[in-house]
Amino acid sequence: MGAKLSGPGGGDKFKIEQNSEINVTPFVDVMLVLLIIFMVAAPLATVSVKLDLPPAVAPPSENPPKPIYISIQKDSDVFIGDFPTSVDTMGADLNKQIGTRNPAKERIYIRADKGVRYGDFMEVMNSLQDSGFYSVALVGEENQS
């Protein structure tokens, strides 16, 4: 921070006003030094050894299948995605949705309201196991604290 003496003739010589202008010269100096460092270091980072690399022949990976969500509402209504279903027909509805994929390898995500009775939740789990769906994940909400 700088100071400015007041008046043209030096008048009140003990009165000093503050100068609040920003001095950008040190900032520009630092930026120029960094620019030079990067200009010198960039060519050193390149590899100068010539190689004849073999082509990559890895097959392209398949897109993962769309996740399947089962939702259980507080009043025990069950949904696969956005479509209503029942515990009795849930296995058949899931098999229609996954098509020819193996149900034992298919991951099912279960979302349940916190007011759902444990017995209703277990009915859904038992129905999934009876239909051959063994990979089940439970979805919860993150704690907001």
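Each residue of segment 35-43 was assigned a 3J(HN,Hα) from its phi angle through the Karplus expression (A = 6.51, B = -1.76, C = 1.60, θ = phi - 60°), giving 4, 5, 4, 5, 5, 7, 7, 4, x Hz with x at Gly and Pro. Ignoring aspartates and glutamates fewer than eight residues from LYS114 along the same chain, the ones with Cα atoms less than 18 angstrom from its Cα are ASP75, ASP77, GLU123, GLU141, GLU142. The packing ranking, built from the mean of other Cβ atoms within 10 Å per residue, places the peptides 19-26, 63-70 in the order 63-70, 19-26, highest first.
Spacing of the modelled spin labels on ARG111 and ASP77, each 7 Å from Cα toward Cβ, amounts to 1.4 nm.
Ranked from highest to lowest mean number of other Cβ atoms within 10 Å per residue, what is the order of the peptides 32-43, 104-115?
In decreasing order of mean packing, 32-43, 104-115 become 104-115, 32-43.
Overall, the chain carries a charge dipole of about 520 debye about its Cα centre when +1 sits on the Cβ of Lys and Arg and -1 on the Cβ of Asp and Glu, all other atoms neutral. Treating r as the C-beta distance of GLN18 and ALA42 and R0 as 41 Å, the FRET efficiency rounds to 0.45.
Positive end of the dipole of segment 1-144 (Cβ unit charges, origin at the Cα centre): among LEU51, SER61, LEU94, the Cα lying farthest that way belongs to LEU51. Can you list the lysines whose alpha carbon sits under 24 Å from that of LYS15, skipping same-chain ones fewer than 8 residues off? Straight-distance partners of LYS15: LYS4.
Taken together, the values in this text are just the output of simple stated rules run on the coordinates, not laboratory data. The structure displayed is predicted, hence computed values, not measured ones. Note that each Cβ is placed from the backbone with ideal geometry, even for glycine, and that neighbours are counted across all protein chains shown.
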